[in-house]
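Visitor: Sharing a structure here in structure tokens format.
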Amino acid sequence: MNARVGAIGVVAVLAIGLLSIGALNKAEAASVTAVGSPYNLGQKGDFQICVDTDTTLDKAVLYRPDNTQAWETPPGWTKFIAANTCDNILPGNNGFGGFDQVGAWIFAANAAGRNPFLFEFVVTFMVVPESVIGALAVVLPSIGVFAGYKVLRSKSK
């Protein structure tokens with residue numbers, strides 16, 4: 001009998017714990033996105049957080065692929081986001097110089113005592129597509145050497 005009462009008590013505590021976790025999750029972000037990603041080296045990112053309920057952010061941080069901190073909001077910074085709306089966090093407007101490493105970066109924003117909102121995104125190299133100029137740069141020197149050889153050979157006869 002005591003074992004059954006103990007088991008029911010444990011189940012009740014777990015159920016209450018899960019319900020309270022669910023209540024906390026309702027206040028968290030509905031979405032976090034990196035506006036305009038994927039980013040290239042040197043760019044400055046913009047991040048958008050959309051929430052289901054009134055949320056106050058008290059810190060935001062960017063982590064490099066090597067897990068070092070690249071940027072964080074100044075002490076005392078807060079941002080209120082009203083329920084069912086979105087707001088942007090712009091590190092470039094707050095002292096962030098730009099992405100300086102290629103790889104998977106992490107943006108984290110803390111919502112006043114709750115677990116942080118995390119968003120992982122990729123920073124890549126800027127790739128310039130091949131053009132006709134590139135093909136000509138490879139072919140023309142060879143044609144020039146061949147033409148020079150023919151001119152020199154005709155003069156030596």
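The values are calculated or read from the model by the stated rules, or taken from the named source; none is laboratory data. What you see is a predicted model; the values in this text were computed from it and never measured. Every residue, glycine as well, gets a Cβ built from its backbone with ideal geometry; the counts of neighbours run over all protein chains shown.
Visitor: What strands (runs of 3 or more DSSP E), lying completely within the stretch 50-157, carry at least 1 residues that are without any contact (Cβ under 8 Å) to a residue 12 or more places away in the chain and surrounded by fewer than 16 Cβ atoms within 10 Å (Cβ to Cβ)?
Guide: Values: elements: 55-57, 59-63, 69-72, 79-81, 85-89, 103-110, 117-124.
Answer list for the stretch 50-157: 69-72.
Here's the yes/no breakdown for (1) touching a Pro at 6+ places or on another chain (Cβ under 6 Å); (2) farther than 16 Å from Ala60 by Cα; (3) among the hydrophobic types (A, V, I, L, M, F, W, C); (4) at pLDDT 85 or above:
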{"site": "Gln101", "(1), (2), (3), (4)": "yes, yes, no, yes"}
{"site": "Trp105", "(1), (2), (3), (4)": "no, no, yes, yes"}
{"site": "Pro116", "(1), (2), (3), (4)": "no, no, no, no"}
{"site": "Leu136", "(1), (2), (3), (4)": "no, yes, yes, no"}
{"site": "Tyr149", "(1), (2), (3), (4)": "no, yes, no, no"}
